1. What does the helix-only formula give at 222 nm for the chain: each DSSP H stretch with n ≥ 4 adding -39500 (n - 2.57), the total divided by the residues, and the result rounded to the nearest 500 deg cm²/dmol?
2. In region 102-200, which GluC sites (Glu not before Pro) fall in coil by DSSP and have 16 or fewer other Cβ atoms within 10 Å?
3. Run the reach check for residue 168 against aspartates and glutamates, Cα to Cα strictly under 17 Å, same-chain hits fewer than 8 apart removed. What comes back?
4. Tell me which of 37, 105, 174 sits at the most positive position along the dipole axis of the chain, charges placed on C-beta atoms (Lys, Arg +1; Asp, Glu -1).
5. Report the gain in length on full extension from residue 164 to residue 16: 0.36 nm times residue separation, minus Cα-Cα distance, nm rounded to one decimal.
6. What lysines sit close enough to residue 101 to cross-link, taking a C-alpha to C-alpha distance under 23 Å and skipping anything fewer than 8 places away on the same chain?
7. Only bridges whose two residues both fall in the chain count here: according to DSSP, what percent of them are antiparallel, nearest 5?
8. Regarding the chain, what's the average projected area of the Cα-atom convex hull, expressed in nm²?
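No lab work stands behind these numbers, since they all come straight from the coordinates. Keep in mind it's a predicted model, so treat the numbers as computed, not measured. FYI the Cβ positions are ideal-geometry reconstructions off the backbone, even for glycines, and counts take in every protein chain you see.
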Amino acid sequence: MNRQMIHIESALCNGCGQCVMHCAEGAIALIEGKAQVIREDYCDGLGACLPVCPTGALTLLMRDVPAFVDPHIQTASMLNPEIKNWPVQLQLSPLTSDAYKGAHLLIAADCTAFASPYNYALISQGKPVLIVCPKFDRLNLVGRLSSIFKANEVSEISVLRMEVPCCKGLENAVSEAVANLDFPLEVTVRILTKEGSLRP
């Protein structure tokens with residue numbers, strides 16, 4: 001598939017190993033004193049390794065590479081058997097998944113799980129979950145949501161967001177994504193206060 005992928009310019013690499021230490025997925029290793037991508041499918045393409053490279057040897061390029069496979073998926077599922085899908089981060093999630101097919105999908109602002117773990121767990125129970133920050137995540141939110149809703153013919157959407165102004169963007173994006181569909185989709189919006197309680 002064509003997706004964003006790390007590229008290492010070997011001539012610029014000084015072998016410091018900083019990128020290896022900052023790659024949470026283990027996609028990069030030092031081989032004969034140079035950093036190399038050893039698992040293309042483990043590279044999430046987000047570029048956490050870029051800012052730590054002292055020589056500028058790392059860049060992000062669009063390339064035809066295998067789909068991202070999160071190496072932590074088995075561990076995450078073992079820690080929380082209630083997880084219906086993985087990854088849960090919207091920008092990492094596949095466009096189609098058996099977990100989404102005909103499902104009641106929860107689209108949650110990523111901070112809601114921290115603002116009120118109890119309410120988050122209560123609302124997310126039994127649902128596949130996609131989390132996103134409408135302010136900081138770099139993606140076409142409306143387009144990605146529309147694609148997921150349409151490709152999986154989801155049956156219902158719940159939105160869980162914070163009361164802060166930037167979180168209103170998530171609610172608006174879901175509404176716009178639903179408006180782009182050629183089938184009706186019920187949307188329920190729940191709002192958490194900064195104190196962690198649900199608005200009536």
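1. Value at 222 nm, helices only: -6500 deg cm²/dmol.
2. Working: sites: 153, 156, 163, 171, 176, 186, 195; in loops: 153, 163, 195.
Here the GluC sites (Glu not before Pro) that fit, given the DSSP loop and packing criteria, are 153, 163, 195.
3. Within reach: 110, 137, 176.
4. 174
5. That pair, residue 164 and residue 16, stretches by 49.1 nm at full extension.
6. Counting by Cα, and skipping residues close in sequence, residue 101 has these lysines nearby: 84, 127, 150.
7. Among the beta bridges of the chain, antiparallel pairing accounts for roughly 40 percent.
8. Details: hull surface 50.1 nm².
Projected over every direction and averaged, the Cα hull of the chain covers 12.5 nm².
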